[in-house]
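Everything below concerns the one structure shown next.
The values are calculated or read from the model by the stated rules, or taken from the named source; none is laboratory data. Treat the numbers as computed from the prediction; the structure is a model and nothing was measured. Here the Cβ positions follow ideal geometry from the backbone for every residue, glycine too, while neighbour counts run over all protein chains shown. Accessible surface is based on the protein model in full, side chains and every heavy atom, while ligands, DNA and RNA are left aside. Shrake-Rupley method; radii C 1.70, N 1.55, O 1.52, S 1.80 Å.
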Amino acid sequence: MPTSAQEVQARIAALGPWFYEFDLGVHGRTASVLPPGVLPIHQTRLEMVSRVVDGHFGDRLPKIRCIDVGCHEGYYSVAMARKGVREVRGIDLRESNLVKARFVAEVLGLRNVVYEQGNCEDLPADDIGQYELCLFLGLLYHLENPMLCLRKICRVTSELCVIETQVIDEVDGVAEWGAREWTRPYHGVLALIDESGEFYHENPETGASPLATCPSPNALRFMLEQAGFRRVEFVEAPPGAYEQHRRGKRVVCAAYK
Ligand SMILES: C[S@@+](CC[C@H](N)C(=O)[O-])C[C@H]1O[C@@H](n2cnc3c(N)ncnc32)[C@H](O)[C@@H]1O
């Protein structure tokens, strides 16, 4: 554990660049690589996530466990731990992100957070169990197998999963299904996105492969229901929200078991 402010500063510099701005109190803070216009995205997301989590769990927070899938540097894991959630487990594909997450938790003296390397395609790991709260933020639209992952996520969630994702514009229509007059309606659509530029440049925010998919709002709802969630609600963006949430290009969904 680095003890002096200088030691912490040296570690912050050595571990950088940072994706999030962490306030480490007397030890200083990390500076985010995000442009100033994009940085407010995290405040909006946290506000939206907190509204759902507080509304659902209320004073049960100290009794619940949370799994944060695709936790990156642990920004939302730390927020849940500080909120009083009993135990938080952050999972991320990239050890390089987790090294930073562990450092932040250590400096903040958080004892109720653990981080582990893992792929959401492989959840649940044998001994992982179920979590009352699952965070699945900013990850769905980096995945090439979204349905597989949502099924896995549903299995590790016992009460509430909060999903935040980019969405594409809705596409309505019907598909012919064996004959001109036999048709099936679309339940939303998935766009195929080439993330190879970011992937091969080892961008720490991308998925496990260069092919990404991005759902329309109806597809997101339908996939969550197919994965096994009983009720799915879109969370309203708060006044002054980050512009993408305000325009509905990014959404937060509460999926209940
Ligand atoms: C865009 S970042 C989002 C981070 C954070 N959840 C947030 O909302 O700010 C995506 C994160 O998911 C991780 N990730 C990507 N694919 C993953 C996978 N298949 N399994 C687990 N983590 C993954 C990345 O390493 C990265 O940390």
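By how many degrees, between 0 and 90 and to the nearest 10, does the Cα long axis of helix 95-107 differ from the longest principal axis of the chain?
On a 0 to 90 degree scale, this one is about 50.
First measure r as the distance between the Cβ atoms of residue 257 and residue 82, then evaluate 1/(1 + (r/R0)^6) with R0 = 35 Å and state the FRET efficiency to the nearest 0.05. Could the numbers behind the result be given before it?
On the way: r = 25 Å, r/R0 = 0.72.
Computed FRET efficiency for residue 257 and residue 82 comes out at 0.90.
Counting other Cβ atoms within 10 Å of each Cβ, which trypsin sites (Lys or Arg not before Pro) in the stretch 115-191 have at most 15 and sit in a DSSP loop?
180
Which entries of 100/257; 63/83; 63/257 have Cα-Cα distances beyond 22 Å here?
100/257
Could you work out how far helix 217-227 tilts from the main Cα principal axis of the chain, as a 0 to 90 degree angle to the nearest 10?
90
Per the Debye formula with a single identical scatterer at each Cα and no solvent contribution, what log10 I(q)/I(0) holds for the chain at q = 0.09, 0.16, 0.17 Å⁻¹?
-0.41, -1.28, -1.44
Could you please report the charge total around residue 24, scoring K, R as +1 and D, E as -1 over all other residues with beta-carbon less than 13 angstrom from its beta-carbon?
With Lys, Arg at +1 and Asp, Glu at -1, the neighbours total -1.
How tilted is helix 146-156 with respect to the longest principal axis of the chain? Cα atoms for both, answer in degrees (0 to 90, nearest 10).
Result, in degrees: 60.
What's the carbon and sulfur percent of the chain's accessible surface, probe 1.4 angstrom, rounded to a whole number?
Ligands and nucleic acids excluded, carbon and sulfur give 52 percent.
Taking 2.2 N^0.38 Å as the expected size of a compact globular protein, what ratio does the Cα radius of gyration of the stretch 1-132 give against it, to two decimals?
1.07
Rounded to the nearest 5, what is the percent of antiparallel bridges among the DSSP beta bridges in the stretch 39-256?
If we restrict to bridges inside the stretch 39-256, about 50 percent are antiparallel.
For the chain, what does the accessible surface come to per residue with a 1.4 Å probe? Please give it in Å².
48
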